[in-house]
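To start, the structure itself, in structure tokens.
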């Protein structure tokens, strides 16, 4: 079981994603913006964060940089559209993945397994 935070301003996407991950017995929290996400990261240790690129109040990259000042938790960016050069840029920042919406659940499950198996070593 992994502790996962989903950060996306689209509540329906978060809830659907949360339902699927909970069926896999993961503990899943939702933040609807970056400011809420940072408060949650301050109060709880996560195994993985799924972070939307474009959000109001605070964009994904800003959230990523703020989280990195506090934690090395693996972060996967999510986006409906991300040009290849931007994808490379976030991977160079240290993101573990850049997922395209609609999210491929097989890819998500593989990423969770990779992150949690690396943690137990």
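Counting other Cβ atoms within 10 Å as a rough exposure proxy, the listed residues 87, 65, 23 run 23, 65, 87 from fewest neighbours to most.
The Cα trace of the range 1-81 gives Rg and Dmax of 11.5, 32 Å, the first to one decimal, the second as a whole number.
In the chain, the DSSP-assigned H stretches of four residues or longer account for a calculated mean residue ellipticity at 222 nm of -14500 deg cm²/dmol, using -39500 (n - 2.57) per stretch and the full residue count as denominator.
When the chain is treated as a GNM, springs tying every alpha-carbon pair under 10 Å, which of 97, 16, 37 comes out with the largest mean-square fluctuation? Looking only at 97, 16, 37, the biggest GNM fluctuation is shown by 16. When the Gaussian network model of the chain links Cα atoms closer than 10 Å, the mean-square fluctuations of 33, 52, 25 top out at 25.
Between 84, 61, 100, the residue with the greatest mean-square fluctuation in the GNM of the chain (Cα pairs under 10 Å linked by springs) is 84. Is the range 1-44 best put as rounded, prolate or oblate by its Cα gyration tensor, with a ≥ b ≥ c the root eigenvalues, rounded for a/c under 1.5, and otherwise prolate when a/b is larger than b/c, oblate when not? Oblate shape, in that a/c is at least 1.5 and b/c is the bigger or equal ratio.
Any read-out appearing in this document is the output of simple, stated calculations on the displayed coordinates, not a laboratory observation. All values reported here derive from a predicted model rather than from experimental measurement. Every residue, glycine among them, receives a Cβ derived from its backbone with ideal geometry; neighbour counts consider all protein chains shown.
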